[in-house]
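Every read-out reported here was derived from the displayed coordinates using simple, explicitly stated rules and does not represent laboratory data. None of these values were measured; they are calculated from a predicted model. Note that each Cβ is placed from the backbone with ideal geometry, even for glycine, and that neighbours are counted across all protein chains shown.
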Amino acid sequence: ATAALLVTAGATASFAQDDDTVTIGYAVSKSGPNAGGSDMTVTPNYELWVEEVNAAGGLTLPDGSQKMIEVIAYDDRSSAEEVVRAVERLATQDEVDFILPPWGTGFNLAVAPLMARHGYPHLAGAAVTDKAPDFVQRWDSSFWFMGGSADYVDALTEILVAEREAGTINNNIAMVSVADGFGIDLVKAARPAFTEAGFEISYDKSFPPETSDFATILSEASSADANTFVAFSYPPHTFALTKQAQVADFNPPVFYLGVGAAFPVYPGIAGGSVEGIMSLGGIDPDNTLNAAYRARHEDVIGRAPDYWGSVLVYASLQMLGESIQRVGLDRAAVAEELSTGTFSTVLGEETRLEDNQLRAINWVGQWQNGQFVAVSPTGGDGMAAAQLPKPDWD
Amino acid sequence: MKTSYAFILAAVALVILAAAPLFIPEYWTGVLLGMTGYVTLATAWALFSGPTRYVSLATVAFFGVGAYTVAVLNETLPYPLVLLCAAGIGAVMALVVGLSTLRLAGVYFVIFTFGLAELVRQTVSWWEVNVTYTMGRYVFLPFEGRHIYWQLLALATVTLLISWAIGRSRIGLAMKAIGDDETVAAHAGVDVTRLKLMLFVISATLITLVGAIQAPRWTYIEPSIVFNPTVSFMTLIMALLGGAMRLWGPLVGAVPLFLLFEWLSVSFPDHFSIILGLLFILIVFVMPNGVLAKFDELRKGGRT
Amino acid sequence: MLELKNLTVRYGKHLAVDDVSLNVGQSEIVVVLGANGAGKSSTLKAVAGMVPASAGEVRMGGATLTGVAAHKLTAAGLALVPEGRGVVGQMTVEENLRLGATPTRARPAEEDTLAQVFEIFPKLAERRTQLVRTMSGGEQQMVAVGRAMMSKPDFLLLDEPSLGLAPIVVGDLFRALARVRETGVGLLIVEQNVKISLRHADRGYLLEAGRIIGSGTADELMTDNAVQNSFLGGAA
Amino acid sequence: MLEHVVNGLVLGGTYALVAMGLTIQYGIARIMNLSFGDTIIAACFATYLLFTAFQIGPILALLILVPTGYALSLVIYRIIMKPLVDRAPDEGALEVDSILVTFGLLFVIQGILLTVFGGGYTSYSFLNTPVDVLGTKVAANRLLALALSLIIGAALVVVLFRTRWGMVLRAVALAPQSAPLFGIDTDRAARTAFAMGGALAATGGVVLSMFQTFTATGGVVFTMKALIVVILGGKGSVPGAIVAGLLLGLVETFVAAYVDPGLTLAAVYTVFLLLLLVRPNGLFGKA
Amino acid sequence: MSVTLQLNNLHKRFGGLVAVKDVSFTLSPGEVVGLLGPNGSGKTTVMNMISGALPCDGGRVTVGAKDITRMKPHRVAKHGVARTFQLVRPLPTLTVGENVMLSLAFGHKRYWGRQARDLAEEKLAFVGLEGRGDEEVSNLNYIDQKRMEMARALASEPEILLLDEWLAGLNPSELKIGIDLVRHLQGQGMTVLLVEHIMEAVRALCSRCIVMRTGEVIADGPSEEVLSQPAVIKAYLGDDHA
Ligand SMILES: Nc1ncnc2c1ncn2[C@@H]1O[C@H](COP(=O)(O)OP(=O)(O)OP(=O)(O)O)[C@@H](O)[C@H]1O
Ligand SMILES: Nc1ncnc2c1ncn2[C@@H]1O[C@H](COP(=O)(O)OP(=O)(O)OP(=O)(O)O)[C@@H](O)[C@H]1O
Ligand SMILES: [Mg+2]
Ligand SMILES: [Mg+2]
């Protein structure tokens, strides 16, 4: 096996040096528990972007010449050790020109030191973390595109406060969260935010990620006298919570769920009854750039992107491409450009990073008439107004 | 005579392995690192599970606890002390587990240990969520791959030495006897309980240390990362493949299997599972008693 | 008639049974005597299909049985009580016995045979619901014989049935076997308890290092010098 | 209180349903089938495909997939397991071999599913309608799982303990070497049991797919949960699997309701470990 | 050299079944005593309780001045009590020699290395297995396995030996070898408790017999006397042996 390994290693190394192409490598979870997340938010966008760039003749360099993108993609099998080694391989064996990050907060952090050490700009597209400012200090060529939990929570709180004033909801919130980094980060931000806004958190529990039955949790939550139900959940939980809420006829005026509610398959899973459900993300249906992106995604990948992370990941790739166009393949220069430049992306004509973080993010979205529209930042460009209370389940 | 040759050979191999990171690309150091990690895990696992045939799936419980200890303490204690703490925690946990599982045998023990690993993971999760309010911890130790590799290499050497020493001692004989028939062993004067416990603790402590040493490599640690049951399964499969009853068995199982995994995932990232699965089935059919047994068989066959 | 013709059994290179020919008639008790390791058990196992014969033939009532799977042999009327008994320890006495009546041929008479077994081994009737595993060695042997009888065999092969049985039970067992024989069954018995087995047998064979070295009627063997010397320790 | 009992039983019914097939495969055919969960997932995907692409509802899918599961398992037994059974010198060897080979099989099934369906989350909605059980609203699809597990379980118990065929299967489970002496065709029994396990996995998959979100790589979770239930019940014991499944369902529900949902799984494992310590061979197991 | 083994009111229940009821007897040093009784009368259970394999429900076992009741088997072994098993139990992954070395390594002297190997060879030679220490156990035939088990028991250098049907399954000529071996031990002053159904062996070896029935001792005394008691004949021997 060793001999064979060396042969492949040699082979990949040789085309990496091919001057006509730009090699871009990534390791994503094609199998294992993280495959579901990667497969929705990260991998399709990487594929879409490469396909589009190559269809247009390749990446444009400052001198106007173009180079096709070669991709080296590995499966990290949802293991931290694998993802680290795969990135090491991309950096030191395949010597690729750029490395795209894996899916998930944990894995982005796992590879961050390596990317920094080897001088690769790290466009963390699918990682939600409040520590982003710290990380930017630590690894100055790291870029964070999904915001932090406080952002999402504050945006939600703002909406809740308005609804309470309008008399739509009472002062109680029932809140559940998945017991992993994502859920806990959010819930940790939510507790002080809600309390400071004068809300009472009358039910506040975390559940293990393996949980698949929510009958009891919802029945306890529904007896908490809360008009607001918030779940910081992952797709399997989001789906199960929805189905169970329908069965138990649990229909609080505010029904906010985590990852998965912004998936295009969600309405089908919920039996079509999604009107009024809120979650992270959301789009502006009138944004033509975004609409075009969604159409292309469906064309190339065969299915629609989700309404939250996908567009951010895709935008990060566009920014990478534009940076290369401006400064060439020098990674330090690209990092510098990412940090300081202004870009035209699916998010808007003037997308820029603040302190290496993308801040122009839609924090809260809501299903309205079959679309998952952004309702926050409230009053922002192209934002719809939240429509509450949520109507009855069909 | 033969032993001293073997020792010299092993020492030379060790020196070469230790010097390797200075000459090879970082990625290959990473491969060596991962491999050494699994060699240590499999050898340590086989220390207890090989002769006694108590198949343990608790590997990742100890591995994860080791990693977590580092994650929790790395900012408060000097690193060597952190490792010591990890070893201590692993040992104490193994003692408790060992004491409570003595009545179980066969598949009941197997699943018990699996359940145990899950329980540890759930408990750590719950503790972090509800008591310390932190899910996900950071390990910012200034280690590169090769630093971790050297530590693992040292641990692997120690583990193999322990395994070698036990294999030659009366304890090794007693462990094999326990694997065959505990009652007979007891009547022959073996304090079955104590011995099993001792070996379990040694094995678990070594496993804990592997987790502790590897932790800095991932920067970020949360239960779903460090308590990944795959670790238990891989360890088991590697040891069984090489032959868990022999000193070099786990090593001989871990190295090719690890390289195979690596090669497959590099060359066939999209069909890794299918190819791996088919190869696995093939291996079972071609080498029913593990790689070393197959070698023995071929050697014997060659002679006659 | 159960006939073994030139039966040979090898374990790898080791020749355990070497060209053995013998026969058992209906209502006949035939014993095979021999030292430990002489190949007695291997012979029985080969006949019952538990180990493959490397050469030779087994015929029962004219039909060739060589190569037939063990369970089919039982169904065809050949029952083996092996060394180590072959009972299901975690089932009850009654379940073991009833399981013995699995072959179709045994079904109709199941209740009658059961009654018969209980009559021969009253202890089993007392312990119908005890798990066989928890019974003493001797008790388990009774279950094993009873179970074999339940399959209504034409021929019953017993491997050291008296092993570990109290003297009184050994006597009872052989008397019971004699009664089994009266129902038309032929019995092929491997025994170390030479005296009592010859007392109840019609004929016998001597096996040494896998080969038949002598045979004769029970009476002949009883007084035979070779038997006297090697099996009865030269005593009277 | 009553509500939690109902919810607990309903949840436990799923566990029992999933575990029964495994306990039969392991108990009678002696195959420790690590790919059991992946078989379930495969059935989930098949149901999904039938439903979304061919408009064949899951109930009808049962009629198609259960026999398919049986037949495919027979084939798998023939091709992969039989040679191992034949060559195994003793039970321990077969156990090791079957662990290794089904570990491989797990990857094959997973790989096929990944190639065909991708790694994403899959879920659809069917029979997600409330049914009132003693004042608690329970999803019809989950109730179906409970009902099926009880019906199948009862049928299996009757077969195993009241019929000769069942006695034969149990004998093979308990003493495979001796079974031929009883005139039992062990190969056939093992084959049948393995295939029955496959059919039960298919049943579980069809039913689970109605309410569970599944991914191509999610089989391990089912395998391990099923193993926990099997072992807690006592290997090879169908009543054990049912009682253990229901018990764990109740434990989860009560802990979620009265203690903390975060501790449900911790509680399940604790109960599992404690019960095993008291009864080292499971609730219904015999030493 | 030997010590006294004393049982006082030993008691054992299995669920509802009283397997051993108030069994008391004493073995004097150097005595070879037959423990007889119908199948299931509790003989093996008594042996199990002496050797620590089963906990007693009541009663006391002493070796010399030492109370060994409820001791774990390995400690009982260190107090000079060794046993064989009713069905031979060789340790199959160990060689013949290692089977014996195990007892040497964990007996009270804890021999190891060269010395243990030599002693193992010595014990094997004693039972008639000289030169076979390196063989696989599976190469041994039945009687040789029995011999090895005896060697293993002797290797822990016991003063009291419990033999549970050690002679069963031997043919008459092999039986003679076995009987001679036990006699040899007797000559060395070993105290032996012998459970046996082969009456030739009992008559040849035991000066004294204890007979059990349904868990109780029904006779204890010189063999001749005991074996001719009507109760013993009725319960155990049958008319054939009368
Ligand atoms: N499975 C086996 N593999 C290899 N050799 C075997 C096997 N079974 C038996 N033998 C060998 O074959 C020979 C005959 O064995 P067998 O068991 O038939 O003897 P036996 O006459 O029944 O002796 P015993 O009185 O000890 O039961 C012996 O030398 C034995 O060691
Ligand atoms: N673990 C157990 N559980 C239940 N009953 C048991 C157990 N062990 C032994 N018995 C019962 O206790 C009684 C005594 O058994 P024991 O094995 O001591 O008999 P024994 O005198 O040695 O008989 P044999 O001469 O047949 O070996 C028997 O009736 C047996 O069925
Ligand atoms: Mg024999
Ligand atoms: Mg006994």
Hey, which of the helices (runs of 4 or more DSSP H) in the stretch D:79-191, taking only ones fully inside, have at least 2 residues that are without any contact (Cβ under 8 Å) to a residue 60 or more places away in the chain and more than 14 Å from chain B (Cβ to nearest Cβ)?
D:140-162, D:164-174
Could you give every pair whose Cβ atoms fall below 7 Å, whose first residue belongs to the stretch E:60-78 and is closer than 13 Å to B:VAL190 by Cα, and whose second residue is of a type in the set (S, T, N, Q) and not in a helix (DSSP H, G or I), counting only separations of at least 6 or pairs across chains?
E:ALA77/E:SER156
Go through the residues of the stretch E:193-202 one by one and say whether even a single one is more than 16 Å from ligand 1 (Cβ to nearest atom) and surrounded by fewer than 20 Cβ atoms within 10 Å (Cβ to Cβ).
yes
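Based on this model, can you work out whether C:ALA35 counts as touching a Pro at 6+ places or on another chain (Cβ under 9 Å), away from ligand 2 (no atom under 16 Å from the Cβ) and among the small types (Gly, Ala, Ser)? Walk me through it before giving the result.
Details: touching a Pro at 6+ places or on another chain (Cβ under 9 Å): no; away from ligand 2 (no atom under 16 Å from the Cβ): yes; among the small types (Gly, Ala, Ser): yes.
Answer is no for this residue.
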Count of the stretch B:271-286 residues which are more than 7 Å from every other protein chain (Cβ to nearest Cβ) and either in contact (Cβ under 8 Å) with a residue 12 or more places away in the chain or outside any helix (DSSP H, G or I) (or both):
2
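Given the criteria more than 16 Å from ligand 4 (Cβ to nearest atom) and under 16 Å from the mean Cα position of the chain (by Cα), does C:ALA176 qualify? Explain how you work it out, then say what you get.
Values: more than 16 Å from ligand 4 (Cβ to nearest atom): yes; under 16 Å from the mean Cα position of the chain (by Cα): yes.
Taking the combined requirement at face value, the residue satisfies it.
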Mind checking whether some residue in the stretch E:130-150 is more than 15 Å from E:VAL88 (Cα to Cα), within 16 Å of ligand 2 (Cβ to nearest atom) and more than 10 Å from every other protein chain (Cβ to nearest Cβ)?
no
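Among the residues of the stretch B:60-80, is any under 26 Å from B:GLY253 (Cα atoms) and touching a Pro at 6+ places or on another chain (Cβ under 8 Å)?
Yes, some residue in the stretch B:60-80 is under 26 Å from B:GLY253 (Cα atoms) and touching a Pro at 6+ places or on another chain (Cβ under 8 Å).
Would you tally the residues in the stretch C:138-163 being within 16 Å of ligand 1 (Cβ to nearest atom) and closer than 20 Å to C:MET91 by Cβ?
2
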Taking into account only those residues within the stretch C:1-59 that are among the polar types (S, T, N, Q) and away from ligand 3 (no atom under 16 Å from the Cβ), which is farthest from the other protein chains (Cβ to nearest Cβ)?
C:ASN6
Helices (runs of 4 or more DSSP H) contained entirely in the stretch A:135-222, each with at least 3 residues that are within 12 Å of chain B (Cβ to nearest Cβ) and either in contact (Cβ under 8 Å) with a residue 24 or more places away in the chain or farther than 24 Å from D:ALA267 by Cβ (or both):
A:181-196
Within the stretch C:140-236, helices (runs of 4 or more DSSP H) holding 1 or more residues that are away from ligand 3 (no atom under 16 Å from the Cβ), more than 9 Å from chain E (Cβ to nearest Cβ) and farther than 22 Å from C:VAL81 by Cβ
C:218-223, C:225-230
Considering only the stretch E:73-90, state which residues are part of a loop (DSSP other than H, G, I, E, B) and more than 7 Å from chain B (Cβ to nearest Cβ).
E:HIS79, E:GLY80, E:THR84, E:PHE85, E:GLN86, E:LEU87, E:VAL88, E:PRO90
Might you check whether a residue that is without any contact (Cβ under 8 Å) to a residue 24 or more places away in the chain and either in a strand (DSSP E or B) or at the interface with chain D (Cβ under 10 Å from one of its Cβ atoms) (or both) occurs anywhere in the stretch A:228-244?
no
Mind checking whether some residue in the stretch A:243-255 is touching a Pro at 6+ places or on another chain (Cβ under 7 Å) and among the acidic types (Asp, Glu)?
yes
Which pairs do you get when a residue that is closer than 18 Å to C:ARG59 by Cβ, found in the stretch C:22-40, comes within reach of a residue that is near ligand 1 (Cβ under 7 Å from one of its atoms) and of a type in the set (D, E, K, R), reach meaning Cβ atoms under 6 angstrom, with the pair 6+ apart or on two chains?
C:VAL32/C:LYS40
What are the pairs with Cβ atoms under 7 angstrom where one residue, in the stretch C:83-95, is more than 8 Å from chain D (Cβ to nearest Cβ) and the other, located anywhere, is part of a loop (DSSP other than H, G, I, E, B) and within 13 Å of ligand 3 (Cβ to nearest atom)? Sequence gap at least six, or different chains.
C:GLU83/C:GLU160
Residue list for the stretch E:172-211, restricted to those being within 16 Å of ligand 3 (Cβ to nearest atom) and closer than 25 Å to E:SER41 by Cα:
E:LEU175
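Name the helices (runs of 4 or more DSSP H) wholly within the stretch B:15-108 that hold at least 3 residues that are touching a strand residue (DSSP E or B) at 6+ places or on another chain (Cβ under 8 Å) and crowded, with 21+ Cβ neighbours inside 10 Å?
Numbers: elements: B:26-52, B:59-73, B:79-101.
Fully inside the stretch B:15-108 and qualifying: B:59-73.
Report yes if some residue within the stretch A:34-55 is assigned to a strand (DSSP E or B), farther than 24 Å from B:SER224 by Cβ and of a type in the set (Gly, Ala, Ser); otherwise report no.
Going residue by residue through the stretch A:34-55, those that are assigned to a strand (DSSP E or B) are none.
No, there is no match, as no residue in the stretch A:34-55 is assigned to a strand (DSSP E or B), farther than 24 Å from B:SER224 by Cβ and of a type in the set (Gly, Ala, Ser).
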Selection count where residues are closer than 15 Å to C:SER151 by Cβ and either in contact with a Ser or Thr (Cβ under 8 Å, 6 or more places away or on another chain) or within 16 Å of ligand 4 (Cβ to nearest atom) (or both), scope the stretch C:49-76
3
